[in-house]
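Asks: What follows is a structure written as structure tokens; I'll ask about it next.
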Amino acid sequence: MSLPSLLPLRDAVRGEVLLQGEAGFDEARRPWNLAIDQPVAAVVTPADADDVAAVVRVAKDLGLPIAVQPSGHGASGTAAGTILLRTSKLDELSIDPGARTARVGAGVKSGVVTTAAAEHGLVHKPGSSPVVSATGYTLGGGIGFFARKYGMSSDHVIEFEVVDAEGERRRASAQENPDLFHALAGGGGDFAIVTAMTLRLHEERELFGGTVIWPAARAAEVFQAFRDVTAAAPPELTVWTSLAQFPGAPAMVAVSVAYLGSETDGRALLKPFDTVDGVLNGAWGPVPFAQLGTITNDPVDPGPSVGRSELFGRFDDEVVAALLAEPIDPLLAVQVRHLGGALAQDRPGPHGPLTEEYAVYMVGLALTPEGGAAVAAKQAELTARLGDAVTGRKPVTFLGLTDNLGDAFSAPEMERLRAVKQKWDPQRRFVANFPVG
């Protein structure tokens, strides 16, 4: 589409509009994963929800679809040819300590919510990274450090504020537009543009955790301790273990912990790890909730990578042997997460019970196309070695570039989501990272 035909966008909104060829356009269109190209038609940063509605109406007249990426996390390449909506200016955040709720704008980062809630002795249900959008994470379900006790982040949404495909502002809750609420509570952002959401918060006063690192030679012992700990872990305890191979560094194995409880109880629960000698770095201890992100120190800057996740129901000798059969290179990390607890319970939204007890996340750099292909091949090889331990199902926030939304939901649930899409966006004006189609 030619440049002049997109100029109505600039007349319609008070926020920033960047068009092809303009300064800053290329940087603005980039997703978090720099290995993915996004040749979009325009990038719009609306000033508020009314601006979002205006963008939808103009896009409708222009015949252009809209992709929404608050921070660019989770991009899968579907945004090509769209008007790319960045919601960073929708950054209003208010905490109601008495009601234990938070109203969160679509551009608010997860770590900001964590810090604001902690000032009142409250928590939301964040992931490990403080820089992802709380809304984007929640639209995919959201499985973080507190999920074993509280379930998915989407389980705790009271209401979504949205702009529909006609450019009208609406609300979706269990009482108002319940079909749309069901789809948005973990089914992704393919149905409407969320401008804000209201979340339930919960009172928590103590967090114990951190990451401890051993040399890779101790991996078998660490994995055995991980099996022992997770077999008896209460829902307040979340433990992840990772094989890591960073450039220029020796191979390592790490254990990351988040425990909603006292240091005394936390150390008692982790006692099996005390028998593993040779700690290289790190420690477990009391963690201020506002510093939750320091447990894993996830990257805070974009970079090129290829990730893949799988769910499996057992972490036995066969699975351990598959993970330790050979070095993980060219992968950077292979992380095993303990799930279970509240995740295995019924929930609002399309995900339903997550019965698998463990997940594995495999990631490597994609500095070149050849490097990315080598990473993907290693991930496929490792998945094949895991054999029938892998179930094939994946929550939305675990979907990768070779996956689609059907990998997250049952066939009947997909039909339900398609019906919601047909009702609320029959012209397919919205394009999610993982569309219903």
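Asks: Say we look at segment 268-284 and pick out the residues that are in contact with a Phe, Trp or Tyr (Cβ under 7 Å, 6 or more places away or on another chain) and over 15 Å from R227 (Cα atoms); which of these is surrounded by the most Cβ atoms within 10 Å (Cβ to Cβ)?
Replies: W284
Asks: Still on this structure, please answer the following. State the number of residues belonging to segment 292-312 that are in contact with a Leu (Cβ under 9 Å, 6 or more places away or on another chain) and outside any loop (DSSP other than H, G, I, E, B).
Replies: Count: 10.
Asks: Out of the residues in segment 252-267 that are surrounded by fewer than 17 Cβ atoms within 10 Å (Cβ to Cβ) and not in a loop (DSSP other than H, G, I, E, B), which is farthest from the chain's Cα centre (by Cα)?
Replies: T264
Asks: Give all pairs with beta carbons closer than 9 Å in which a residue from segment 381-395 that is modelled with pLDDT of 95 or more meets a residue that is among the basic types (K, R); count only pairs at least 6 apart in sequence or on separate chains.
Replies: The qualifying pairs are L382/R308; T383/R308; A389/R314.
Asks: Then there's this: Can you say whether L323 is crowded, with 17+ Cβ neighbours inside 10 Å, touching a strand residue (DSSP E or B) at 6+ places or on another chain (Cβ under 8 Å) and closer than 22 Å to K378 by Cβ, as far as the supplied structure shows?
Replies: Numbers: crowded, with 17+ Cβ neighbours inside 10 Å: yes; touching a strand residue (DSSP E or B) at 6+ places or on another chain (Cβ under 8 Å): yes; closer than 22 Å to K378 by Cβ: yes.
So L323 passes the test.
Asks: With touching a residue at least 24 places away in the same chain (Cβ under 8 Å), among the charged types (D, E, K, R), over 26 Å from L122 (Cα atoms) and out of contact with any Pro (no Cβ under 7 Å at 6 or more places or on another chain) as the only criterion, which of E236, E221 stands out? So that I can check it myself, show each step before the final result.
Replies: Details: E236 fails: over 26 Å from L122 (Cα atoms).
Of E236, E221, the one residue that is touching a residue at least 24 places away in the same chain (Cβ under 8 Å), among the charged types (D, E, K, R), over 26 Å from L122 (Cα atoms) and out of contact with any Pro (no Cβ under 7 Å at 6 or more places or on another chain) is E221.
Asks: Quick one: which of T78, T87 is part of a loop (DSSP other than H, G, I, E, B), touching a residue at least 40 places away in the same chain (Cβ under 8 Å), under 22 Å from the mean Cα position of the chain (by Cα) and crowded, with 24+ Cβ neighbours inside 10 Å?
Replies: Working: T78 fails: crowded, with 24+ Cβ neighbours inside 10 Å.
None of the other options fit; the residue is T87.
Asks: It is to be established whether one or more residues within segment 397-407 are among the aliphatic types (A, V, I, L, M), part of a helix (DSSP H, G or I) and surrounded by fewer than 19 Cβ atoms within 10 Å (Cβ to Cβ).
Replies: Keep residues of segment 397-407 that are among the aliphatic types (A, V, I, L, M), which gives 399, 401, 405.
Subsequent filtering for residues that are part of a helix (DSSP H, G or I) retains 405.
Imposing the further condition that a residue be surrounded by fewer than 19 Cβ atoms within 10 Å (Cβ to Cβ) reduces the set to none.
No, there is no match, as no residue in segment 397-407 is among the aliphatic types (A, V, I, L, M), part of a helix (DSSP H, G or I) and surrounded by fewer than 19 Cβ atoms within 10 Å (Cβ to Cβ).
The values are calculated or read from the model by the stated rules, or taken from the named source; none is laboratory data. Small disclaimer: the values here were computed from a predicted structure and weren't measured. Glycine also receives a Cβ, built like all others from the backbone with ideal geometry; neighbour counts cover every protein chain displayed.
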